[in-house]
Amino acid sequence: MTMEIYLVGGAVRDRLLDLPGRDKDWVVVGSNAKLMKERGYLQVGKGFPVFLHPETKEEYALARTERKVGVGYLGFEFDASEFVTLEQDLLRRDLTINAIAESSDGKIIDPYNGRRDIKDKVLRHVSPAFAEDPLRVLRVAKFAARFAKLGFSVAPETLKLMNNIVQSGEMDALVRERVWQEIEQAMGGPAPDVFICVLRDCSALKSILPEVDRLFGVPQLVKYHPEVDTGLHTLLSLQQAAKLTDDPVVRYATLVNDVGKGVTDKANWPSHYAHETVGLQLQADISKRLHVPNEFAKLAALVCEHHTKMHRIKELRPATLLKLIEALDGFRRPERVQKFLLACEADARGRAGLEKRDYPQNDYLTTILLELTQLDLGTLLKEAKPENAHEFVQQSRLSLLSEIMTRLNSSDPTN
Amino acid sequence: MSTYVVGDLQGCYKPLKKLLRKVKFSESKDKLWCVGDLVNRGPNSLETLRFLHDIAGSIEIVLGNHDLHFIAIHEGCAPAGSKDTLDDLLNARDCQHLSDWLRTQPLAHYESLDTKSGVKDFLMVHAGVAPHWTLQKTLDLSAEVQHSLQDAQYKAFLRHMYGNTPTRWHNQLEGLDRLRVITNYLTRIRFCDEIGTMQLTVKEGLASAPHGFKPWFEYETMTPKTTILFGHWAALEGYTGKKYIHALDTGYVWGRELTLMRLEDQQLYSISN
């Protein structure tokens, strides 16, 4: 039996899509652990059928029929052996575009029509075995987001299969850290709004983020939200956030910014009084359920609580504005204020017809903060009495702030 | 030297002995594989189990749903039902010994044998496997259940193995749910859908397939190619339509036949009730 080596997975797919190269993954057919080691490959872990090339250190896996091959009953005697064919190995992969191989002489082996699906721009499952891993629902949504700008969409049969998985309640069985990992990656990648859309299309959003799912169908005041629907507003805001920054922390804050509107009493629609406060509790539920890291949860909470105030920042009195800066811990964490501002800007622009509106509030607060931080605290504290040092600093800041605000507002032509 | 597999015995000791005599079974030279459901519903559960235990060196068995049910009743983890005929066994002084022995048995047996048509891989389970399980995976998952029957929490498993949900296998299952699902495929499955969702309430034959469901063996794609031996489904009357899949339960305890097959040449022997 001769040993054959094939390039597989993402490397082949990205080459066919004309995308920049990533890590190369190789599959070895007709070999076994002993033969690999004889040729100098290093086994990655005890009982793992994966080997590293002695020079390039790229990963070479024995052709196998299971994604995860355990040491278990008989080692990987059957699932990863010299008798497993390339087609069997490719069969266990999730999507047809990920199940294409290239031989060492450049020939493409494509038993599941991955190239046809690349041409048709379709994300399609390889076989019903797709359903064995409920986590794939999230991964397909992530791929849909990644390739959205190339025009890819999920095949209807695949969406139906994903829906079946969701209806079986299997999304609830997923380990929360794993779920969060997919959400965080999607928030940090292209088109995060497409990730949310695909999850909604297969009913997975209701399972994973019901707080966000609930926003669809909830109307807002058309005066401020020409798009009306809160879910749509969230998607538009997410699109704007993606344009403003690659930072997943900002994008996540945008995603869960308005969750409070999902529980407003219908009698009050389209107004949503105090949706900020209600939203904080809902965000806390999400954070607990998904083990959201502190950095993400904290910014999301700040945006939720203060975004409305931020939009009206020019109307705030100095004392109120100073309180806002302190709530943001603006003096000690200016970089977080920047993230806060980006999320607020995304929220302001995430409205039908208002995508290109200016958000002068951003510069306004940034300038104020910059000038305020130039206050020489060292000299000030020397003048203060120890028992009212804090109030003294506050007062000094307040009077400086009033000065700055007066100056800014008087030079503002729109005032 | 021959290897034989026999269908569900369900406490029917006399026909088993007759069949073994018919093929001149030799404890020193031959092997007997049992597809499980050794006890219950038939008249002689105690004698059947004692006999098999006595020739333990010459047999390979896999546990069936009735075997697990017996162990659960004996361990006080489940009540006996009105149709159970396990009293002689449960009241015997060697019941604990027999139950403990049974508790160490696997739910899947694999062996490679020399047959008239070359070396073949054989897998024996009581009822069936999930559509996309490979041979390796079947053995690994069966071993999970086998181990849980012997570890400190085995009674928790016995208490929680009953039930029809979750209805299908996926690789994120954990804990008792995971063990219950594996046990259901190996010891109770008949009909399922393309992604393995089990339909555990229909017991009749192929003609009564619920809409969207087929016999589990219509979906199996086991790698490497394996001959599967199973029992449990008497309504099949020994027929699967698949060359590599053999249904051994022919319903002796329901008034029909007990079937024995020699693996080396697929020769069949049977005895009517």
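The values are calculated or read from the model by the stated rules, or taken from the named source; none is laboratory data. If you're wondering where the values come from, they're calculated on a predicted model, not measured in any experiment. Neighbour counts are summed over all protein chains in view; Cβ atoms, including those assigned to glycine, are modelled from backbone coordinates with ideal geometry.
At a glance:
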{"read-out": "Candidates A:Glu102, A:Glu82, filtered to the one that is of a type outside the set (Lys, Arg) and either under 30 Å from the mean Cα position of the chain (by Cα) or not in a loop (DSSP other than H, G, I, E, B) (or both)", "value": "A:Glu102"}
{"read-out": "Residue satisfying condition, being on the phi < 0 side of the Ramachandran plot, away from chain A (no Cβ under 14 Å) and in contact with a Ser or Thr (Cβ under 8 Å, 6 or more places away or on another chain), within set B:Phe70, B:Phe122", "value": "B:Phe70"}
{"read-out": "All helices (runs of 4 or more DSSP H) inside region A:355-415 with 2 or more residues being farther than 30 Å from A:Leu232 by Cβ and in contact (Cβ under 8 Å) with a residue 40 or more places away in the chain", "value": "A:360-372, A:389-410"}
{"read-out": "Scan of region B:220-232 for residues that are under 21 Å from B:Ser208 (Cβ atoms) and either out of contact with any Asp or Glu (no Cβ under 6 Å at 6 or more places or on another chain) or within 14 Å of chain A (Cβ to nearest Cβ) (or both), ordered by number", "value": "B:Glu220, B:Phe230"}
{"read-out": "Number of the exception - A:His125 against (1) out of contact with any strand residue (DSSP E or B) (no Cβ under 7 Å at 6 or more places or on another chain); (2) within 14 Å of chain B (Cβ to nearest Cβ); (3) crowded, with 19+ Cβ neighbours inside 10 Å", "value": "(1)"}
{"read-out": "Count of region A:49-67 residues which are part of a loop (DSSP other than H, G, I, E, B) and either in contact with a His (Cβ under 7 Å, 6 or more places away or on another chain) or within 14 Å of chain B (Cβ to nearest Cβ) (or both)", "value": "5"}
{"read-out": "Index of the failed condition, A:Ala173 passing every other in (1) within 13 Å of another protein chain (Cβ to nearest Cβ); (2) within 28 Å of A:Ala346 (Cα to Cα); (3) in contact with a His (Cβ under 9 Å, 6 or more places away or on another chain)", "value": "(2)"}
{"read-out": "Where B:Lys137 falls short, out of the listed (1) more than 23 Å from B:Ala72 (Cα to Cα); (2) under 14 Å from the mean Cα position of the chain (by Cα); (3) of a type outside the set (Asp, Glu)", "value": "(2)"}
{"read-out": "Some residue of region A:297-313 being modelled with pLDDT of 95 or more, surrounded by fewer than 21 Cβ atoms within 10 Å (Cβ to Cβ) and of a type in the set (Val, Ile, Thr)", "value": "no"}
{"read-out": "Test: A:Ala352 is under 29 Å from A:Asp229 (Cβ atoms) and not in a loop (DSSP other than H, G, I, E, B)", "value": "no"}
{"read-out": "Per-region count, region B:132-187, residues in a helix (DSSP H, G or I) and either free of Cβ contacts under 8 Å to residues at least 12 places away in the same chain or within 10 Å of chain A (Cβ to nearest Cβ) (or both)", "value": "15"}
{"read-out": "Filtered residue count, region A:146-185, keeping only those that are of a type in the set (Gly, Ala, Ser) and over 27 Å from B:Trp169 (Cβ atoms)", "value": "3"}
{"read-out": "Region A:100-117 - residue that is touching a residue at least 40 places away in the same chain (Cβ under 8 Å) and within 18 Å of A:Arg139 (Cβ to Cβ) and, of those, surrounded by the most Cβ atoms within 10 Å (Cβ to Cβ)", "value": "A:Ile100"}
{"read-out": "Filter pass, B:Trp216 being crowded, with 20+ Cβ neighbours inside 10 Å and aromatic (Phe, Trp, Tyr)", "value": "yes"}
{"read-out": "Filter result for A:Lys243 (part of a helix (DSSP H, G or I), of a type in the set (Lys, Arg) and more than 13 Å from the chain's Cα centre (by Cα))", "value": "yes"}
{"read-out": "Output for region A:34-48, where each listed residue is of a type in the set (D, E, K, R) and not in a loop (DSSP other than H, G, I, E, B)", "value": "A:Lys34, A:Lys37, A:Glu38"}
{"read-out": "Qualifying position, being farther than 30 Å from A:Leu174 by Cβ, in contact with a helix residue (DSSP H, G or I) (Cβ under 7 Å, 6 or more places away or on another chain) and of a type in the set (D, E, K, R), among A:Arg332, A:Arg349, A:Arg317", "value": "A:Arg349"}
{"read-out": "Every pair of residues 6+ apart whose Cβ atoms lie under 6 Å, when the first sits in region A:187-211 and is within 15 Å of A:Arg136 (Cα to Cα) while the second is small (Gly, Ala, Ser)", "value": "A:Phe195/A:Ala141; A:Phe195/A:Ala145; A:Phe195/A:Ala186; A:Val198/A:Ala141; A:Val198/A:Ala144; A:Leu199/A:Ala141"}
{"read-out": "Selection within region B:101-130 - surrounded by 14 or more Cβ atoms within 10 Å (Cβ to Cβ) and among the charged types (D, E, K, R)", "value": "B:Arg103, B:Glu111, B:Lys120, B:Asp121"}
{"read-out": "Of residues in region B:68-94 being of a type in the set (Asp, Glu) and touching a residue at least 40 places away in the same chain (Cβ under 8 Å), the one surrounded by the most Cβ atoms within 10 Å (Cβ to Cβ)", "value": "B:Asp84"}
{"read-out": "Count of region B:90-111 residues which are over 19 Å from the mean Cα position of the chain (by Cα) and not in a loop (DSSP other than H, G, I, E, B)", "value": "4"}
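Residue by residue, here is whether (1) buried (at least 23 other Cβ atoms within 10 Å of the Cβ); (2) assigned to a helix (DSSP H, G or I) holds:
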| residue | (1), (2) |
| --- | --- |
| A:Leu159 | no, yes |
| A:Ile183 | yes, yes |
| A:Pro190 | no, no |
| A:Phe195 | yes, yes |
| A:Ser207 | no, yes |
| A:Phe216 | no, no |
| A:Lys223 | no, no |
| A:Gly231 | no, yes |
| A:Thr234 | yes, yes |
